[in-house]
Amino acid sequence: MKPLGKIRVLDLTNVLAGPFCCHQLAHLGAEVIKVEAAGRGDLARRLGGDPELNDRRMGVSFLAQNAGKKSVTLNLKDPRGKELLKRLVGGAHVLVENFRPGVMDRLDLGWPVLREINPKLVYAAISGFGQDGPWADRPAYDQIIQGAAGIMSITGDDRSGPFRVGYPIADTVGGLTAAMAVCAALNNRDQGTFIDVSMLESVLATTGWVISNWLIAGVHPGAHGNDNITSSPSGTFQAADAPINIAANKEEQWRVLARHLGREELTGDPRFATREARKRNRAALTEQIEKTLKTRPAREWVEELNRLGVPSGVVLNVETVLEHEVIASRGMLGKFENVPGVGRDIQVVGTGVKLDGEAPKVDDPPPILGQHNDEIYGSLGLDVEAVDALRAEGVI
């Protein structure tokens with residue numbers, strides 16, 4: 001199923017937030033043309049854990065977000081490059097960019113110009129702090145946004161924080177937000193739309209309970225480590241061989257847990273008799289629960305507790321969860337063989353959805369830089385000699 005199968009997207013983005021947005025759109029069926037800087041390409045081509053691939057401009061960070069896209073190169077500072085982009089815009093449905101606010105306007109390629117060329121264009125601009133406001137001109141990287149959004153202040157605990165979340169959550173949430181907005185705008189084909197995505201606001205929108213507890217209840221957000229502040233026992237506990245998460249959020253789940261642990265006497269202890277009492281005495285309760293949990297392996301506890309209706313799970317590392325049947329059986333990973341520019345097989349992550357029972361897939365691996373110049377510019381009417389001349393002169 002390709003719900004965006006008739007949509008053409010121009011991806012003018014770099015590194016992560018924008019490429020992640022267009023990664024979603026590609027998996028939903030859109031034709032995504034990645035417009036990269038002539039001679040350089042996406043900065044992510046030189047980023048990632050394999051230095052050899054970075055030197056080949058096929059860095060792991062690029063491979064992760066760009067499968068299924070077509071790559072063309074373009075010098076947007078050259079008048080001929082500007083004209084080529086305008087011609088591409090004339091046949092596109094969506095343009096996504098994540099330059100600093102004002103860059104596209106200074107290139108004379110901003111929304112006011114491009115909507116004259118294509119009045120139905122959906123133009124999505126992703127930036128750290130939005131297209132206006134006092135921080136609009138600030139550079140923004142994921143860690144900067146995490147700090148500004150308060151995420152670091154509530155990650156870790158009162159002894160260890162502030163901590164950044166262990167992956168670029170601001171970039172990916174910003175990208176998902178942009179993809180959602182693009183899909184919504186495409187539902188109104190009668191007019192073009194300018195989408196202004198602030199990564200800061202996108203992240204804040206996902207912190208609902210934290211913000212609402214402050215705005216509505218006056219509860220100061222804090223760093224609570226692995227504890228769920230809304231309930232107890234709910235958090236991470238140590239078993240004999242590994243930590244496990246247990247979420248006994250309901251009163252009946254707490255009682256089932258205590259009974260299964262053979263610690264039913266805890267339910268009659270005044271310190272643990274009510275939810276609020278358990279929250280106040282969380283450390284003491286954790287100590288009592290772990291005395292029993294440490295007598296047996298984590299997986300045994302998890303299987304038994306889930307069977308009894310007490311949500312629980314072993315704390316896995318990334319390698320383990322990717323190998324687990326819960327992921328392997330659902331088609332989330334895409335595999336490409338002998339990828340050009342890489343020289344070996346690779347696996348990349350798809351999306352987190354299924355459509356009519358099938359995980360969305362893309363057919364092609366991440367492209368080498370400028371791989372589709374001849375195809376895309378040829379479709380604009382340029383012959384081989386014209387494309388070669390533009391290449392030789394650094395326009396593409």
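Answer yes if at least one residue in segment 293-308 is among the β-branched types (Val, Ile, Thr), surrounded by 12 or more Cβ atoms within 10 Å (Cβ to Cβ) and touching a helix residue (DSSP H, G or I) at 6+ places or on another chain (Cβ under 9 Å), and no otherwise.
Checked segment 293-308: no residue is among the β-branched types (Val, Ile, Thr), surrounded by 12 or more Cβ atoms within 10 Å (Cβ to Cβ) and touching a helix residue (DSSP H, G or I) at 6+ places or on another chain (Cβ under 9 Å).
For segment 302-396, which strands (runs of 3 or more DSSP E) that fit wholly inside it have 2 or more residues that are among the hydrophobic types (A, V, I, L, M, F, W, C)?
Answer list for segment 302-396: 333-336, 346-349.
Here are the criteria: (1) surrounded by 12 or more Cβ atoms within 10 Å (Cβ to Cβ); (2) among the hydroxyl-bearing types (Ser, Thr, Tyr); (3) outside the structural domain of His27 (by TED's automatic domain parsing). Tell me which single one Thr320 does not satisfy.
(1)
Would you call Gly128 buried (at least 20 other Cβ atoms within 10 Å of the Cβ) and within 21 Å of Leu16 (Cβ to Cβ)?
It is true that Gly128 is buried (at least 20 other Cβ atoms within 10 Å of the Cβ) and within 21 Å of Leu16 (Cβ to Cβ).
Between a residue in segment 335-364 that is under 20 Å from Val32 (Cα atoms) and in the same structural domain as Gln24 (by TED's automatic domain parsing) and any residue that is part of a loop (DSSP other than H, G, I, E, B) and among the β-branched types (Val, Ile, Thr), which pairs come within a Cβ distance under 6 Å, given they are 6 or more apart or on different chains?
Filtered contacts from segment 335-364: Pro340/Ile368; Gly341/Ile368; Pro360/Thr351.
For segment 321-341, which residues satisfy the criterion of being modelled with pLDDT of 95 or more and of a type in the set (S, T, N, Q)?
Asn338
Could you tell me how many of the residues in segment 39-48 are farther than 13 Å from Ile368 by Cα and in contact (Cβ under 8 Å) with a residue 60 or more places away in the chain?
0
If a residue has to be within 26 Å of the chain's Cα centre (by Cα) and under 23 Å from Lys294 (Cα atoms) to count, how many in segment 213-242 make the cut?
The number of residues fulfilling the criteria is 7.
Looking only at segment 49-56, decide whether some residue is under 27 Å from Ala389 (Cα atoms) and in contact (Cβ under 8 Å) with a residue 24 or more places away in the chain.
Checking segment 49-56: at least one residue is under 27 Å from Ala389 (Cα atoms) and in contact (Cβ under 8 Å) with a residue 24 or more places away in the chain.
Considering only residues that are farther than 22 Å from Gln24 by Cβ and loosely packed, with under 14 Cβ neighbours inside 10 Å, which ones fall in segment 330-346?
Once the filter is applied, which keeps residues that are farther than 22 Å from Gln24 by Cβ and loosely packed, with under 14 Cβ neighbours inside 10 Å, segment 330-346 yields Glu337, Asn338, Pro340, Gly343, Arg344, Asp345.
Considering segment 279-292 alone, what residues qualify as being loosely packed, with under 12 Cβ neighbours inside 10 Å and in contact with a Lys or Arg (Cβ under 9 Å, 6 or more places away or on another chain)?
Lys291
The values are calculated or read from the model by the stated rules, or taken from the named source; none is laboratory data. Keep in mind the model is a prediction, meaning the values are calculated, not measured. Cβ atoms come from the backbone with ideal geometry, glycine included; neighbour counts cover every protein chain shown.
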